[in-house]
Every structure is written in structure tokens, then in C-alpha cells.
Amino acid sequence: MEYLTWRLQLAAQSSTFRDHPMCKSLKLLSLCFVDDLILLCKGTQSSVRVLKIALEEFSSATGLQVNPSKSHIYFGGVTTSTRETIAHEIQLTKGSFPLKYLGVPMRPTMWKLEDCGIIIKNIKLRLHTWASRHLSYAGRVQLIHSVLFGLRNYWMSIFVLLQSAVKEVEKLCRGFLWGLNGNRNKIHIASWKKVCLPKAYGGLGFRDGSNWNRAILAKYIWAIFEKHD
């Protein structure tokens, strides 16, 4: 893989190659982990041809080949005619977003509501597993801290989640914290705002996802402004 990276970087020095617009400042050409490989370039036939030649030379040197049945090409901001030309050039099936890399759904834009379903599904699966256990109040608090919010925080560290998804996660956590009476949630003894206060102020130290998400979004927008400045 080190040889492949070197060969791609050498190919990128060609006068006919153009970097992907979002990766130009980083000089980012490829992402590689074990047998997962993402190649990035501008959506032009000449740039794709440079990568194709580099892969063919790599294949000749190592005997490793691209598996067409497991590989796709993804386009963004490219005309239909150019897409058809490039797809014919590289002989790969056109993929659709979101694509998965290392188990993480990725798309060229911010996440949509349907993308957040994986988080809600994972949390509901954990809650269903715990439903048959007789957990104490302290036990439920610890599981929310370490597991449920751990899942939420992991995804929020990667993406800016929609507020509706953050609210749904907190709704599930509130129901689990106070328990169920039949098929209905029990009365919430304290408001979620108070529960999210630090322990020194009478709360449980839960991190309010809405505030954290807004802080991440503000940081993301500021980074865009700095880049354009």
C-alpha cells in the first residue's frame, strides 16, 4: 500500500491531472485502510485516466487487481455526458450516496434525516436488549453515560447531526432514565435541562446534545468562512 500511495502521488504530478476541489489544499489523493481504498480527483476524463493508468501499473507490479463487482465510481457536480464518458473510461458501476467507508456512511453534503436512522436504530437495539433486565436507577444512569451517549457522541464527533435526530436520542434516553409503566413512560421527576446540569449543581452531568451540536455547527461554519477568507 505504501508503493500504491507513492505511485498515485507520482501520477498526480501529471499536467493532465486535477485534484478534487475539496481536497486540493490538503493534497489528499487517496484514503486506504486494509482492502478499502478511496481515490479522489476532479471529475474530468483526463484526471480519471491518470488514476486508471497508475492502478494498471500497480497491478502489473504486484498482481493485485481492482475487483469491479465491489468497486464503484461516485460523481458530484459533473454533467451527465461527462459521467457517461468517465464511467465508460474506467469501466466501473456508478454508485449513489451515501457510500460506506469503514462502516461510516459518507455523503458530499451534510447529513440528511434518513442518514440519522442508523443512530436511532442502534440505540433502540440497546434499549430492547436491556428491557428484560432489572436495572437500578444508578445502573440506568451509568448506561446512558457510557453507552447511549457514547454512541451519540461518536457520531457527533464525525458529523453535524440534525436537531430532530438529537432530540429523538434524548427522548429515548429520558424514557429509559425514568422507566416505563406498562407501555407508557413514567413521570419525569426532573426536567431534562436540570438533568444535564453538572453534578455539583444537582444534575447528573449529561451533556446536552443540542448545545454541543450547535457548537460543532458554529465551528464548522467558521472554518468555511476562514477558508474563503
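The values are calculated or read from the model by the stated rules, or taken from the named source; none is laboratory data. It should be emphasised that the depicted structure is a prediction, and the values quoted were computed from it without experimental measurement. Backbone-built Cβ (ideal geometry, glycine too); neighbour counts: all protein chains shown. For accessibility, only protein heavy atoms count, side chains too; no ligands or nucleic acids. Shrake-Rupley method; radii C 1.70, N 1.55, O 1.52, S 1.80 Å.
Brief remarks on what is shown
Residue by residue, here is whether (1) open to solvent by less than 40 Å² (accessible area, probe 1.4 Å); (2) at pLDDT 85 or above holds:
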| site | (1), (2) |
| --- | --- |
| R126 | no, yes |
| T129 | no, yes |
| S132 | no, no |
| S146 | no, yes |
| F149 | yes, yes |
| F159 | yes, no |
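- Taken over segment 81-96, residues that are farther than 25 Å from D115 by Cβ and hydroxyl-bearing (S, T, Y) amount to 3.
- Annotation note: Cβ proximity below 6 Å between a residue of segment 168-179 that is assigned to a helix (DSSP H, G or I) and a residue that is open to solvent by 10 Å² or more (accessible area, probe 1.4 Å) and β-branched (V, I, T) (sequence gap 6+ or interchain) occurs for E168/I120.
- Hey, V50 surrounded by 12 or more Cβ atoms within 10 Å (Cβ to Cβ), modelled with pLDDT of 90 or more and either more than 19 Å from Y101 (Cβ to Cβ) or in contact with a Leu (Cβ under 8 Å, 6 or more places away or on another chain) (or both) or not: yes
- In segment 186-202 there is no residue matching the filter, namely being assigned to a helix (DSSP H, G or I) and in contact (Cβ under 8 Å) with a residue 60 or more places away in the chain.
- Neighbours by Cβ (under 7 Å, 6+ apart or cross-chain): first from segment 1-18, on the phi < 0 side of the Ramachandran plot and in contact (Cβ under 8 Å) with a residue 40 or more places away in the chain; second among the charged types (D, E, K, R) and open to solvent by less than 100 Å² (accessible area, probe 1.4 Å): R7/E57
- Test: residue in segment 161-177 that is among the β-branched types (V, I, T), open to solvent by less than 70 Å² (accessible area, probe 1.4 Å) and at pLDDT below 80: no
- Answer residue from segment 71-116, given it is outside any loop (DSSP other than H, G, I, E, B) and of a type in the set (V, I, T) and is least open to solvent (accessible area, probe 1.4 Å) among those: I86
- Only one entry of I38, I53 meets the criterion of being outside any strand (DSSP E or B), hydrophobic (A, V, I, L, M, F, W, C) and under 16 Å from L92 (Cβ atoms), and that entry is I53.
- Condition broken by L31, with the remaining ones in (1) under 25 Å from R107 (Cβ atoms); (2) part of a helix (DSSP H, G or I) satisfied: (2)
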